[in-house]
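Report on one structure; see the data block that follows.
The values are calculated or read from the model by the stated rules, or taken from the named source; none is laboratory data. Just so it is clear, the structure is predicted and the values come from calculations on it, not from any experiment. Because the Cβ atoms are built from the backbone with ideal geometry, glycine has one as well, and the counts that use them run over all protein chains shown. All accessible areas refer to the heavy atoms of the entire protein, side chains included, with ligands and DNA or RNA removed. Shrake-Rupley method; radii C 1.70, N 1.55, O 1.52, S 1.80 Å.
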Amino acid sequence: MSERARDTASDEPADGPGDVPGDRLTEVFDLVGPLYRRAQRKVEQDAPREGLSVGVRAVLSMLREGGPMTVPQMGRAQALSRQFVQRMTNDAAEHGLVEAVPNPAHKRSSLIRLTARGRAAITALADRERAVLRRAGAGLSGDDVDACLRVLSHLVRFLDHVDVDEPGPCG
């Protein structure tokens, strides 16, 4: 964490001419990257118990929360490319964690659903993650978490128009 991020992580309001919301949101992005990478690494360390990669875990979690979905629906819901979600779905299917079933709304795009084995695997992993997050949340209030969710949800909505399947200028 940067020194500035540490200094401004308190509940006290920021002051000074440069502390406008846009400047402060830069600090959020500066924290989100390392947080995501560390959380991803933690999932990778814990997931081998169920044989889950981070990507397969994301697919199983979406299906657990949202029920059967198509690959494009999962990609849109998580701002992931359809190709990546398809690879993770294929991996999950090879391990008997998900299965494709006919989609009454679209003949060429099957619905993907959890198998009993997949539900058991994601439930066990989610239970362990919740236990870790209970420890991580010690000292935070419900209001703290609500404020964090409001800010992050706002940023996701602001960037919702970004097409994750469209390659950027670097490839």
Under a Cβ-only charge scheme (Lys and Arg +1, Asp and Glu -1), can you give me the dipole magnitude of region 27-171 about the Cα centre, in debye to the nearest 20? 480 debye
Shape call for region 58-158, from the Cα gyration tensor axes a ≥ b ≥ c (a/c under 1.5 means rounded, otherwise prolate when a/b beats b/c, else oblate), comes out oblate
Nonlocal amide H pairs with residue 69, under 5 Å, H built at 1.01 Å: 112
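Given the Cα-Cα distance of residue 158 and residue 82 and 0.36 nm per residue of separation, how much length would full extension add, in nm? Before the final figure, lay out each step's value.
Numbers: separation 76, 0.36 × 76 = 27.36 nm, distance 2.11 nm.
Full extension of this stretch gives 25.3 nm more.
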Do any trypsin sites (Lys or Arg not before Pro) in region 69-170 lie in a DSSP loop with no more than 13 other beta carbon atoms within 10 Å, and if so, which? 107, 108
Using a 1.4 angstrom probe on heavy atoms only, work out the carbon and sulfur share of the accessible area of region 44-112 in %. 49 percent
